[in-house]
Amino acid sequence: RAAQGRAYGNLGNTQYLLGNFTEAATFHKERLAIAKEFGDKAAERRAYSNLGNAHIFLGRFDVAAEYYKKTLQLARQLRDQAVEAQACYSLGNTYTLLQDYERAAEYHLRHLLIAQELADRVGEGRACWSLGNAYVSMGSPAQALTFAKKHLQISQEIGDRN
Amino acid sequence: GQRLHLMQVDSVQRWMEDLKLMTECE
């Protein structure tokens, strides 16, 4: 049964990479069920991330957000800050797609704080970029400018010319 | 599903490009 769980996960990932997002989601749901059966929180967390990603490409941003929230909850339980940061980043982007810029900014800010804590300059730069965009969308150009400047500063520091 | 209405947001577009190759391995 445990091996079956891993096989479902691998099948889900393969279908995902082939661009078959409906099939990917079906396999990852099977993987999730087996992870729950075993109380395997790490596998459950992976399944939620994979399900969130698949639903982005299915155009179901609302469903993706719910899966990413489960990912975030488990990442906190498992005390995995890198995954927590990634989940916040995914949620920020998903709420941007849902045109809920305030919530997007909330999650991008949470991502920024964790990236700073982890001294992840690349993550910090991305968070600032996203926050700049979110504040433009909210009609707050002064705040957007603050984050755009910070984004520029970090990009120069890490040598990202793009 | 909802349409991809915000593809003009570069940061989201970049994230989705990366996401296409992102899988959590067993």
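The values are calculated or read from the model by the stated rules, or taken from the named source; none is laboratory data. Here the structure is a predicted model, which is why all the values come from computation and not from measurement. Methodologically, a virtual Cβ is constructed for each residue, glycine included, from the backbone with ideal geometry; neighbour enumeration extends over all protein chains shown.
Which of (1) at the interface with chain B (Cβ under 10 Å from one of its Cβ atoms); (2) surrounded by 15 or more Cβ atoms within 10 Å (Cβ to Cβ) does A:Asp62 not meet, given it meets every other one?
The number of the failed condition is (2).
Take A:Gln73 and tell me if it is assigned to a helix (DSSP H, G or I), farther than 27 Å from A:Tyr16 by Cα and away from chain B (no Cβ under 12 Å).
no
If you scan the range A:76-89, which residues turn out to be over 21 Å from B:Gln13 (Cβ atoms), touching a residue at least 12 places away in the same chain (Cβ under 8 Å) and either part of a helix (DSSP H, G or I) or of a type in the set (S, T, N, Q) (or both)?
Within the range A:76-89, A:Gln77, A:Gln81, A:Ala82, A:Val83, A:Glu84 meet the criteria.
Only one of (1) aliphatic (A, V, I, L, M); (2) at pLDDT 95 or above; (3) more than 27 Å from A:Phe21 (Cβ to Cβ) is not met by A:Val136, so which one is it?
With respect to (1) aliphatic (A, V, I, L, M); (2) at pLDDT 95 or above; (3) more than 27 Å from A:Phe21 (Cβ to Cβ), A:Val136 is out only on (2).
Could you check, for the range A:6-26, whether at least one of its residues is farther than 30 Å from A:Ala134 by Cβ and within 17 Å of the chain's Cα centre (by Cα)?
Within the range A:6-26, one or more residues are farther than 30 Å from A:Ala134 by Cβ and within 17 Å of the chain's Cα centre (by Cα).
Which pairs do you get when a residue that is assigned to a helix (DSSP H, G or I), found in the range B:3-22, comes within reach of a residue that is at pLDDT below 75, reach meaning Cβ atoms under 8 angstrom, with the pair 6+ apart or on two chains?
B:Val12/B:Leu6; B:Gln13/B:Met7
When A:Thr22 is evaluated against the numbered criteria (1) buried (at least 16 other Cβ atoms within 10 Å of the Cβ); (2) more than 10 Å from every other protein chain (Cβ to nearest Cβ), which criterion, by number, is the only one it fails?
(1)
Tell me, which residue of the range A:1-19 that is touching a Lys or Arg at 6+ places or on another chain (Cβ under 9 Å) and crowded, with 16+ Cβ neighbours inside 10 Å is farthest from B:Asp18 (Cα to Cα)?
A:Gly5
When you go through A:Gly125, A:Gly132, A:Gly92 one by one, which is the residue that is within 11 Å of another protein chain (Cβ to nearest Cβ) and in contact (Cβ under 8 Å) with a residue 40 or more places away in the chain?
Being within 11 Å of another protein chain (Cβ to nearest Cβ) and in contact (Cβ under 8 Å) with a residue 40 or more places away in the chain holds for just one of A:Gly125, A:Gly132, A:Gly92, which is A:Gly92.
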